[in-house]
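One structure is given here, and the rest of the page talks about it.
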Amino acid sequence: MQSTLVDLLGLSLIGKQTHWNVVGPRFRSVHLQLDELVTEVREAADKVAERAATLGVPPDGRPATIASAIALPVPRADWVRDDEAIEIVTEALHIAVTRLRKCIEATENSDPVTQDLLISVTAELEKQHWMFAAAHTAPAR
């Protein structure tokens, strides 16, 4: 649960950092879509943290913990072109979903309630991944 919490809080921070600094012709649509992503991952992070606490494991969402444990690509501290922002977020979502699927497998027999939560979080992240990739990727010609 802790690695999932780190990924979700990391996605939230990546989303906001990119949201504040995105520039380019698709600024508005990317800016708004990033807000949607941040809302979704913050709600998911809260559910995951509360599930960990329910299981007697104190969730750790401190900034130092997130900074030292994040395994997702992060934007640089500068303006980020809209196409680069989409690439960063799409890749971060892909990595987070891949890691979540491993957690789903790990909880299959030991904790079906946690597994159910992880499945629902994964479904939402997969939807967000699809929306970023589909809405902002030009088809090859």
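Within the assembled protein chains, the solvent-accessible surface assigned to residue 5 is about 10 Å², based on a 1.4 Å probe. The C-alpha atoms of the chain define a longest principal axis, and helix 2-21 lies at about 20 degrees to it. With a simple spin-label model that places each label point 7 Å from the Cα along the Cα-to-Cβ direction, the separation between residue 110 and residue 83 comes to 4.4 nm. Shown for the chain: the carbon plus sulfur share of the solvent-accessible area, taken with all protein chains present and a 1.4 angstrom probe, equals 57%.
Heavy-atom accessible surface of the chain, averaged per residue, reaches 55 Å², computed with a 1.4 Å probe. Charge dipole of the chain (Cα centre as origin; +1 on each Lys and Arg Cβ, -1 on each Asp and Glu Cβ, all else neutral): 300 debye, rounded to the nearest 20. Ranking 77, 109, 128 by how far each Cα lies toward the positive end of the dipole of the chain (charges on Cβ) leaves 77 at the top. Per-residue packing, averaged as other Cβ atoms within 10 Å, sorts the ranges 18-30, 108-120 into the order 18-30, 108-120, beginning with the highest. With angles folded into 0 to 90 degrees, how steeply does helix 27-54 sit against the dominant principal axis of the chain? Use alpha carbons for both and round to 10. With both axes taken from Cα atoms, the answer is about 10 degrees.
Give me the net charge for the shell around residue 102: Cβ to Cβ below 15 angstrom, other residues only, Lys and Arg +1, Asp and Glu -1. Around residue 102, the charge tally is -3.
Orientation-averaged projection of the chain equals 8.7 nm² [convex hull of Cα atoms, one quarter of hull surface area]. For residue 102, the accessible area of its heavy atoms, probed at 1.4 Å with every protein chain present, is near 130 square angstrom.
Remark: relative contact order (the chain) = 30 percent; criterion is Cα-Cα distance under 8 angstrom and separation of 6 or more residues.
The values are calculated or read from the model by the stated rules, or taken from the named source; none is laboratory data. Predicted, not measured: the structure shown is a model, and the values here were computed from it. Every residue, glycine as well, gets a Cβ built from its backbone with ideal geometry; the counts of neighbours run over all protein chains shown. When the accessible area is computed, the model is the full protein with side chains, heavy atoms only, and any ligands, DNA or RNA have been set aside. Shrake-Rupley method; radii C 1.70, N 1.55, O 1.52, S 1.80 Å.
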